1. Does region 27-82 come out rounded, prolate or oblate, given a ≥ b ≥ c as the square roots of the eigenvalues of its C-alpha gyration tensor, rounded meaning a/c under 1.5 and, failing that, prolate meaning a/b above b/c?
2. Give me the percent of the accessible area of the chain that comes from carbon and sulfur atoms, probe 1.4 Å, all protein chains in place.
3. Stretch GLU46-LEU11 to full length: gain in nm at 0.36 nm per residue minus the Cα-Cα span?
4. To the nearest 20 debye, what charge dipole does the chain have about its Cα centre, counting +1 at the Cβ of each Lys and Arg and -1 at the Cβ of each Asp and Glu?
5. At what distance in nm do the modelled label points of GLN108 and SER84 sit from each other, each positioned 7 Å from its Cα along Cα→Cβ?
6. Tell me the per residue accessible area of the chain using a 1.4 Å probe; a whole number in Å² is fine.
7. Express the relative contact order of the chain as a whole percentage, based on alpha carbon pairs under 8 Å and six or more residues apart in sequence.
8. With θ set to phi - 60°, apply the Karplus curve 6.51 cos²θ - 1.76 cosθ + 1.60 along region 99-116 and write out the HN-Hα couplings as whole Hz, x wherever there is a Gly or Pro.
Amino acid sequence: QVQLVESGGGLVQPGGSLRLSCAASGLLLSIYTMEWYRQAAGKQRELVAGISRSGTTNYANTAKGRFTISRDNAKNMVYLQMNSLKGEDTAVYYCRARLTTTTDYWGQGTQVTVSS
């Protein structure tokens with residue numbers, strides 16, 4: 001069975017950093033586009049960052065310059081380094097593995113709270 005498990009979330013002060021990890025099992029991560037989404041309370045889930053099989057990255061405007069997505073295919077993991085965190089980054093962060101628009105998998109999410 002396919003499973004994506006996020007970790008690394010928690011409480012951090014504004015301006016701080018967190019590194020989220022997503023461990024994949026039951027799939028070969030290297031052939032998937034990997035993405036991080038987030039959903040804040042009362043808001044729609046939004047794409048934060050993505051990384052293609054070739055390593056091409058893309059970011060939401062809110063994440064550019066602050067967040068970095070990376071992948072380690074040998075470890076079957078994807079990461080999201082988040083720096084200069086703001087209160088508006090508070091959300092549940094989800095890992096997504098996408099093969100096609102109709103073939104994808106989601107993790108259960110990890111809570112990130114940015115507060116002083």
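1. On the way: a/c = 2.26, a/b = 1.69, b/c = 1.34.
It is prolate, given that a/c is not under 1.5 and a/b is the larger ratio.
2. Values: 2780 of 6050 Å².
That share works out to 46 percent.
3. Values: separation 35, 0.36 × 35 = 12.60 nm, distance 2.05 nm.
Additional length available on full extension: 10.5 nm.
4. Values: 12 positive and 7 negative charges, 29 e Å.
Here the chain has a charge dipole of around 140 debye.
5. 3.4 nm
6. Details: 6050 Å² over 116 residues.
Accessible area per residue: 52 Å².
7. Values: 288 pairs, mean separation 42.0, N = 116.
Relative contact order, the chain: 36 percent.
8. Each residue of region 99-116 in turn: 9, 9, 5, 10, 10, 8, 9, 10, x, 8, x, 9, 7, 10, 10, 10, 7, 8 Hz.
The values are calculated or read from the model by the stated rules, or taken from the named source; none is laboratory data. It should be emphasised that the depicted structure is a prediction, and the values quoted were computed from it without experimental measurement. Cβ sites come from the backbone with ideal geometry, for glycine too, and all protein chains shown count toward neighbours. These accessible areas exclude ligands, DNA and RNA; they are computed on the full protein's heavy atoms, side chains included. Shrake-Rupley method; radii C 1.70, N 1.55, O 1.52, S 1.80 Å.
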